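The values are calculated or read from the model by the stated rules, or taken from the named source; none is laboratory data. Predicted model, so just to flag it, every value in this text is computed and none were measured. All Cβ positions, even for glycine, are placed from backbone atoms using ideal geometry, and neighbour counts span all protein chains on display. Note: accessible area is taken over every heavy atom of the protein model, side chains too, but ligands, DNA and RNA are not part of it. Shrake-Rupley method; radii C 1.70, N 1.55, O 1.52, S 1.80 Å.
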Amino acid sequence: QVQLVESGGGSVQPGGSLRLSCSASGSIFSINTMGWYRQAPGKQRELVARISNGGTTNYADSVKGRFTISRDNAKNAVNLEMNSLKPEDTAVYYCNLYQRLKNYWGQGTQVTVSS
């Protein structure tokens with residue numbers, strides 16, 4: 001069993017910043033990828049950013065240069081720094097852990113960017 005607990009999120013004006021954090025517990029293996037996905041109303045869930053246990057990162061084109069993902073392997077934690085937020089970043093953000101061909105998800109946290 002794997003549990004993912006997210007924190008952060010909330011409401012911010014355009015151009016503002018937010019930080020999301022996620023901590024994983026349970027049966028965590030050393031080789032895995034952690035990341036963040038988001039789902040806006042009426043849209044499919046999409047990758048925002050992910051990072052391997054070795055530090056390799058991938059970002060959606062829409063967030064490159066604005067968002068930064070990082071992780072602490074010792075704590076099984078992943079963070080997402082979001083800067084220069086735009087209204088189109090509004091969505092529910094989900095923490096993800098991928099290991100041994102299985103995906104695990106957090107409960108989601110709302111991010112709203114609005115003036």
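Being closer than 16 Å to residue 106 by Cβ and out of contact with any strand residue (DSSP E or B) (no Cβ under 6 Å at 6 or more places or on another chain) holds for only one residue in 69, 51, 28, and it is 28. Out of the residues in the range 63-101 that are without any contact (Cβ under 8 Å) to a residue 24 or more places away in the chain and of a type in the set (Lys, Arg), state the one that is nearest to residue 14 (Cα to Cα). Per the criteria, the residue is 66.
Being open to solvent by less than 50 Å² (accessible area, probe 1.4 Å) and under 27 Å from residue 30 (Cβ atoms) holds for only one residue in 96, 103, and it is 96.
Inside the range 26-53, residues that are among the hydroxyl-bearing types (Ser, Thr, Tyr), surrounded by 13 or more Cβ atoms within 10 Å (Cβ to Cβ) and more than 20 Å from residue 68 (Cα to Cα) make up a count of 0. For residue 62, work out the one condition from (1) open to solvent by 70 Å² or more (accessible area, probe 1.4 Å); (2) over 14 Å from residue 20 (Cβ atoms); (3) of a type in the set (Ser, Thr, Tyr) it doesn't fulfil. The failed condition is (1).
Any chance the range 83-90 includes a residue that's part of a strand (DSSP E or B), at pLDDT 95 or above and not β-branched (Val, Ile, Thr)? No, the range 83-90 contains no residue that is part of a strand (DSSP E or B), at pLDDT 95 or above and not β-branched (Val, Ile, Thr). If the condition is being aliphatic (A, V, I, L, M) and either at pLDDT 95 or above or within 19 Å of residue 103 (Cβ to Cβ) (or both), then the range 44-76 contributes 47, 48, 49, 51, 60, 63, 69. Only a single item in (1) in contact with a helix residue (DSSP H, G or I) (Cβ under 9 Å, 6 or more places away or on another chain); (2) exposed (fewer than 14 other Cβ atoms within 10 Å of the Cβ); (3) more than 21 Å from residue 115 (Cβ to Cβ) is not met by residue 74, and it is number (1).
When the residues of the range 6-52 are narrowed to those that are under 11 Å from the mean Cα position of the chain (by Cα) and of a type in the set (Val, Ile, Thr), which ends up farthest from residue 92 (Cα to Cα)? So the residue we want is 51.
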